[in-house]
Every structure is written in structure tokens, then in C-alpha cells.
Amino acid sequence: MDTERFVLPEAVDFVLERLNSRGFEAYVVGGSVRDHLMGRVPSDYDVTTNARPHQMKDVFSDCRVVETGLQHGTLTVVLRGMNIEVTTYRVDGAYDDGRHPNEVTFTASLEEDLCRRDFNVNAIAYSPRDGFVDPFDGRGDILRQRIACVGDPVKRFSEDALRILRAVRFSSALGFSIDKDTADAVNEMYSSLSLISRERIYQELTKLILGQSAREVMEGFSHVIAYAMNPSGSFLTSEDVRKAAGFMEGTSAYAEMRYAMIFGIGKDEETSRAAAKEVYGSLKPSRKSMNDVMAFIESRFADTSDEYTLKKLMGRYGEAFPEDLILFRRTVGFIDESEYIKEKEAYRILKEMKPCVTVGELAVNGGDASAAGLKGAEIGRALSALLDGVMRGEFHNEREILLRKLAEFR
């Protein structure tokens with residue numbers, strides 16, 4: 001890929017050209033530039049400019065804009081299906097809370113703006129007019145495959161403690177090593193991650209465990225990851241993280257499966273459940289994500305070679321889950337490769353048969369049970385018993401057969 005030729009989306013070109021035409025500097029900055037230089041297709045684009053907030057509002061007065069953080073110099077231009085954040089060059093003031101600057105000061109200097117950023121690879125700017133602006137040799141770090149803070153790592157991490165975890169996350173996601181001075185600061189200062197909201201920790205951890213170098217990074221920084229997840233250390237240790245790291249390469253890119261390994265490897269079900277509920281729950285995942293992690297933990301000892309068990313899993317967790325569980329069990333060594341292939345194929349055949357696995361799929365319903373003379377809780381128990389019989393293959397899911405069976409419950 002010709003990294004010198006950075007072809008930007010039309011909407012981004014429009015933002016840059018509009019600012020330039022009004023006499024302002026404007027550059028694409030941060031992750032999009034880094035990704036382009038790595039030969040990746042950027043997923044989003046941020047723009048930095050010397051235009052002040054009120055000037056940006058005037059420049060884009062005929063566009064749809066969202067004032068996402070105008071007091072900090074940021075607005076978002078919504079154009080052609082893209083959200084493009086545009087931020088005034090700024091210098092951050094002191095950080096008393098380890099996360100947010102007490103104040104920001106706008107500046108006319110692009111380099112002053114770049115020097116407040118976290119890592120050299122993220123402190124590169126680009127414009128079609130001026131090309132790449134790289135005062136901290138971020139391109140060199142990309143070639144060296146290295147994560148290094150802009151300037152003094154201790155100062156960078158003191159400003160924003162989340163950068164500690166971001167260094168580890170970028171190492172995992174990009175497959176880069178961490179510069180010694182930066183790594184030393186990570187190891188010295190990781191306890192300040194307790195200042196960061198659990199939601200922000202969760203975002204970084206999820207990207208980290210899905211990274212291409214997750215195994216190596218989780219092994220090398222297990223103490224940082226364990227502390228980020230569970231500062232008290234009461235439910236999760238660095239050894240738990242190291243154990244799980246050994247299985248990362250065998251899993252799919254499925255975050256919940258990987259989280260379940262962290263909480264479930266080498267623990268009994270009660271301990272695993274308690275750890276997942278306390279630690280994973282504290283990270284504020286979605287309800288579905290929480291349920292998925294618990295499903296792996298609660299089902300990891302299930303006999304996935306048994307057809308009845310597979311049907312129960314389908315009914316409880318959905319038809320996609322048993323296949324994921326079979327992979328999970330192979331990855332952690334509960335079944336070997338030949339068993340994995342055999343069970344996966346058997347499940348494929350079972351799924352194609354579209355078996356009845358929920359009460360709603362029975363050929364009779366609550367109304368039929370009521371007509372058969374059953375009442376209240378009897379109806380639920382009867383339908384559950386019918387479903388169990390159908391899943392075990394004791395009788396077929398046919399209306400006449402099930403109606404006769406209902407009569408036996410009176």
C-alpha cells in the first residue's frame with residue numbers, strides 16, 4: 001500500500017477543504033493516520049484545527065453539527081453518513097483526578113496539540129496540502145512496531161491513568177512491543193487505574209483480549225490486567241489471567257468466550273460464577289453479554305456429545321450457542337481435536353433437523369392443556385414434561401400424540 005498517498009473519504013475532504021477555504025489549518029489526526037500508515041483501512045476520522053469553537057460553528061453553519069464537547073473545543077460534523085469530530089488545537093491544564101484536565105487552553109500550534117497526545121503512533125497529523133506532520137517520529141515507531149509515550153511516560157500517565165491500560169491494549173491490538181520506559185511506567189503506576197470508571201476499563205479490556213497478541217500481552221502484563229478488572233484482588237488474580245492467556249489463540253474472536261476463560265479456567269462452578277458476577281458485573285456489560293459469559297461458565301462441563309444435552313442448550317441459549325460451547329470445550333482441553341470435529345458435525349446435522357427445543361414449538365399449547373382439564377401451575381409442568389419427552393425422543397411432536405399425553409396429566 002502506498003502510505004504516502006492517503007485517499008480520504010469525501011466527507012473528510014470536505015471538512016478539511018471547508019476549514020482551509022476559510023483560512024484555517026486543518027489536519028486528520030490520531031488513529032486514522034496510524035491505521036493508514038499500517039496499511040489498514042481507518043474506521044473513523046478525527047480532525048484538528050486552529051479554528052476556535054465559535055469559528056468552527058460559523059464554518060459549518062450550513063451543516064448538521066453536534067456540539068459534543070464545545071467547552072473542550074470539539075464539535076461533530078455529521079455528513080454523508082459519517083460523524084467527523086473536529087477539535088481546536090489545545091493544551092491541557094493540570095489533571096487533579098488522573099483522568100480529566102482541570103482546564104484546556106486553545107493554542108495556534110499544531111505541535112503543541114500533538115505533544116499532549118498519548119503515544120507517538122497516535123501523534124501524527126496529515127493534510128492533503130501539507131502531507132504528514134510527525135514531530136515525535138510516530139512513523140518510526142510504526143516501523144519499529146513500538147508503543148512509546150509522547151515525552152515522559154510518567155507525566156502522560158499522571159494526566160490520564162486510562163493511558164496505562166491503553167498502552168497494554170494497543171500492544172495487544174497492534175502486535176507492537178511496549179517501549180521500556182513506557183513499560184516501566186505502566187508497571188509503576190497501574191494502581192492508578194482505580195481512578196477510572198468501570199465502563200472505560202471495560203472498553204479497553206475488551207479490545208485487549210480480542211487483540212492479535214492477546215496471549216503474549218496477557219502473560220506479560222497479567223498483574224495490570226487483573227488489577228484493572230478486580231482492584232481488590234478478592235475474586236481474580238494475575239495467575240488467573242495467565243492461565244486464561246494460554247487458551248486465547250484457540251478461541252474465536254468472541255469476547256464473552258474469552259472473558260469466561262478468565263473466570264472459569266481451573267475453578268469450580270460456584271467460584272467461577274461468583275467471580276464472573278462480581279468482577280464482570282462490575283464492568284457494566286450489557287445484560288446479553290453478562291448472560292453469555294455465565295452460559296459458558298455454567299455449561300462448560302456439559303456433555304456436548306449427547307443429543308439431548310445439545311437440545312437443552314439450544315432451547316436455553318439459542319441454536320448458535322452449542323457450537324460455540326463445543327469450541328470452548330476443545331480450546332480448554334475438555335475434548336480433543338477428533339472429538340471436536342465429530343461433535344461439531346453431529347451438531348450441524350442436529351441443527352438442520354430443526355428439533356423442538358422450546359415449549360413454544362410444541363404442537364400443543366396452554367389452551368390445549370386447559371381444555372384437557374389442567375389448571376394453574378399444572379399447565380406449565382405438563383408442557384415442560386411434554387417438551388422433555390419430545391427432546392428425549394420418547395414420542396414425536398405431533399398434536400394428536402401430545403393431546404393424548406396431556407390427558408394423562410389429569
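The values are calculated or read from the model by the stated rules, or taken from the named source; none is laboratory data. None of the values given here were measured: they were computed from a predicted structure. Virtual Cβ from ideal backbone geometry, glycine too; neighbours counted across all protein chains shown. The area values use the complete protein model at the heavy-atom level, side chains included, leaving out ligands, DNA and RNA. Shrake-Rupley method; radii C 1.70, N 1.55, O 1.52, S 1.80 Å.
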In segment 268-319, the residues that are outside any helix (DSSP H, G or I) and open to solvent by 60 Å² or more (accessible area, probe 1.4 Å): 268, 284, 286, 301, 303, 305, 319
Residue selected from segment 95-122 under the condition open to solvent by 60 Å² or more (accessible area, probe 1.4 Å) and either part of a strand (DSSP E or B) or of a type outside the set (S, T, N, Q) (or both), by the criterion modelled with the lowest pLDDT: 97
Scope segment 382-400; condition touching a residue at least 24 places away in the same chain (Cβ under 8 Å) and either open to solvent by 80 Å² or more (accessible area, probe 1.4 Å) or part of a helix (DSSP H, G or I) (or both); matching residues: 382, 383, 384, 385, 386, 387, 390, 391, 392, 398, 399
Selection within segment 228-249 - part of a helix (DSSP H, G or I) and open to solvent by less than 50 Å² (accessible area, probe 1.4 Å): 228, 229, 238, 240, 241, 244, 245, 248
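Just to be sure before I move on: is residue 363 over 30 Å from residue 266 (Cα atoms) and modelled with pLDDT of 95 or more in the structure I sent? Spell out how you get there, then give the answer.
Values: over 30 Å from residue 266 (Cα atoms): yes; modelled with pLDDT of 95 or more: yes.
Criteria met by residue 363.
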Failed criterion for residue 194 (all others in (1) more than 13 Å from residue 283 (Cα to Cα); (2) of a type in the set (Ser, Thr, Tyr); (3) surrounded by fewer than 17 Cβ atoms within 10 Å (Cβ to Cβ) hold): (1)
Residues (surrounded by fewer than 20 Cβ atoms within 10 Å (Cβ to Cβ), outside any helix (DSSP H, G or I) and of a type in the set (Gly, Ala, Ser)) located in segment 132-180: 151, 175, 177
Pair list, Cβ < 6 Å and 6+ apart or interchain, from segment 308-327 residues that are within 15 Å of residue 346 (Cβ to Cβ) to residues that are among the basic types (Lys, Arg): 308/392; 319/351; 326/344
Test: residue in segment 254-263 that is closer than 18 Å to residue 335 by Cα and open to solvent by 10 Å² or more (accessible area, probe 1.4 Å): yes
Subset of segment 329-375 that is closer than 30 Å to residue 403 by Cα, in a loop (DSSP other than H, G, I, E, B) and of a type in the set (Gly, Ala, Ser) - its residue that is least open to solvent (accessible area, probe 1.4 Å): 372
The one condition in (1) in contact with a helix residue (DSSP H, G or I) (Cβ under 9 Å, 6 or more places away or on another chain); (2) closer than 22 Å to residue 238 by Cα that residue 145 fails to fulfil: (2)
